[in-house]
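Visitor: Quick one: this structure, given as structure tokens, is what I'll be asking you about.
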Amino acid sequence: EQSQFAKVLAPDVQTFDLETELGKLQGLDDVKETLRHTRNYVEVQRRRWSQGVEVRAKALHFAFVHNGSGSGTSTVARLLGSMLLKLGILRTGQVVEVTRKDLVTGSNHVGDVEARMKVAAKAAEGGVLMFADADRLKNWAERSDPAGDEALGALSKLFNTLAAADWPQRLCIVIAGARAGFHSFLVQNDWLQVCLFASIELEDYSALDIARILQKLVEANKFQLCKELTEERLEVLVRRRMMCGGPRNVRLAQAMLQSAVSCQTDRVWAKDTLSYTGLTVLVEEDFMDPQMEQGFAVQATLSKLDSIVGLQPVKDFVRSLYAQLQVRQHRREMGLDGVDAGSTLHMVFVGNPGTGKTTVAKVVAELLKALGFLRSGHLVE
């Protein structure tokens, strides 16, 4: 029955070094600070005891607050388990992850959930028991959720059995949850605050952090970046992708690599490339999403238009033209080219010298290029 829970064994305690492992992490400053503080607390507490200072220690249980999947909770839990094993706080250091589904699904009788909680605790004994999405143990949207109530009750009982700070601990509990609902969960269950040694914030990664993670993923997957694709340039590409929303964590780096490899595969096939370098090198073009790049180009062009002083009727015309071109582009993608066969994109600009005809013409040319109606978009007067 223990096999139903996700379980990761601890690394070799002899070779584990906290600073080395923290050095491998990108970002996550609060994680690093809290893990170092925990190490310091354990070692200083033992020094106090060695000098006869009778100060009661705290049980080491934690909360992980994150922004969703890919934030690194599993990685940090493994680091925590390994560190506590090295410090002698835990005996085995493995990490067992449990979700509401593991505890509740198929529970038909009172006591089923608590029984599964005990099985999970047994599997994690000597290591870390992490409740992923702990704020969802109870379905707060339902007026009645007996299984959820039993899960929270069983969690409370488990904490009570571990309240005494006896080192080594029987196990270390981590409750994890997404920031949006987790803080309210802690408020609704204020008894948890007394049980926790620390709350760790797994903040979003910066564009530079994700760029560095992406570099490591490229290397780990036996690919390489071209010389022109420097860390600075990769950061720009990540920043542009982040502007479109979505996760700002490892998931973004993974998605960018997957997309780049897919693009590179088609590019390599079209060129009939056979060399090792040609088959493994990723170039900037591979990391560009055509539709996304088109959107950036259009917005840059329209920003130039808005920067022009006056000429509001002209600006309205260009934006109306943009809307018409979008419709035409959609029709072309659907194979309905003939619908616009009678129309043309030729225009007449009338105005005295110095009224902005050339400036507007450049904007129109860039817009037509961005939308794929012109190849180069340069202007000849």
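Visitor: With each pseudo-label sitting 7 Å past Cα toward Cβ, what's the GLU201-HIS109 distance in nm, one decimal?
Guide: 4.7
Visitor: Would you mind checking the radius of gyration and Dmax of the range 29-106 based on alpha-carbon positions, in Å?
Guide: 15.5, 53
Visitor: As an exercise, find the ratio Rg/Rh for the chain from alpha-carbon atoms, using the Kirkwood inverse-distance average for Rh.
Guide: 1.13
Visitor: Can you compute the helix-only [θ] at 222 nm over the chain? Use -39500 (n - 2.57) per DSSP H run of at least 4 residues, normalise by all residues, nearest 500 deg cm²/dmol.
Guide: The helix-only estimate for the chain comes to -16500 deg cm²/dmol at 222 nm.
Visitor: Calculated FRET efficiency, PHE349 and GLU54, Cβ-Cβ r, R0 51 Å, to nearest 0.05?
Guide: Once the sixth-power term is evaluated, E becomes 0.05.
Visitor: Put HIS66, HIS109 in order of accessible area, largest first, 1.4 Å probe: what do you get?
Guide: Per-residue accessible area, sorted high to low, gives HIS109, HIS66.
Visitor: What length, rounded to one decimal in nm, is gained on full extension from LYS362 through to GLN224, with 0.36 nm per residue of separation minus their alpha-carbon distance?
Guide: 45.9 nm
Visitor: Right, next: On full extension of the chain, what length is gained from THR15 through VAL309, given 0.36 nm per residue of separation minus the C-alpha to C-alpha distance?
Guide: Here the segment from THR15 to VAL309 would lengthen by 99.2 nm.
Visitor: Provide the per-residue ³J(HN,Hα) series for the range 162-171, in order, calculated from phi with Karplus coefficients 6.51, -1.76, 1.60 and θ = phi - 60°, each as a whole number of Hz, with x at glycine and proline positions.
Guide: Here the 3J(HN,Hα) series is 10, 5, 6, 8, 8, 9, x, 6, 5, 6 Hz.
Visitor: Which value results when the Cα radius of gyration for the range 140-256 is divided by 2.2 N^0.38 Å?
Guide: 1.55
Visitor: Right, here's the next one. Roughly how many Å² is the accessible area per residue of the chain, as a whole number, for a 1.4 Å probe?
Guide: 55
Visitor: If I stretch the segment between GLU125 and ARG36 completely, what's the gain in nm (0.36 nm per residue apart, minus their alpha carbon distance), one decimal?
Guide: Between GLU125 and ARG36, full extension yields 29.7 nm more.
Visitor: Further question on the same structure: Between ARG116, ARG48, ARG91, which gets the highest mean-square fluctuation from a Gaussian network model of the chain, Cα cutoff 10 Å?
Guide: ARG48
Visitor: In whole Å, what is the distance between the alpha-carbon centres of the range 67-118 and the range 148-197?
Guide: Using only Cα atoms to place each centre, the spacing works out to 12 Å.
Visitor: Going down the table (LYS32/LYS58; LYS304/LYS369; LYS24/LYS118; LYS24/LYS222), which pairs top 25 Å between alpha carbons?
Guide: Correct reply: LYS24/LYS118.
Visitor: Can you pull out the GluC sites (Glu not before Pro) in the range 26-86 whose DSSP state is coil and whose Cβ has at most 12 other Cβ atoms within 10 Å?
Guide: Listed in order of number, the matching sites are GLU54.
The values are calculated or read from the model by the stated rules, or taken from the named source; none is laboratory data. Since the structure is predicted, the reported quantities are computational estimates derived from the model, not experimental observations. Note: ideal-geometry Cβ built from the backbone for every residue, glycine included; neighbour counts use all protein chains shown. Surface accessibility is based on the protein's heavy atoms, side chains included, excluding ligands, DNA and RNA. Shrake-Rupley method; radii C 1.70, N 1.55, O 1.52, S 1.80 Å.
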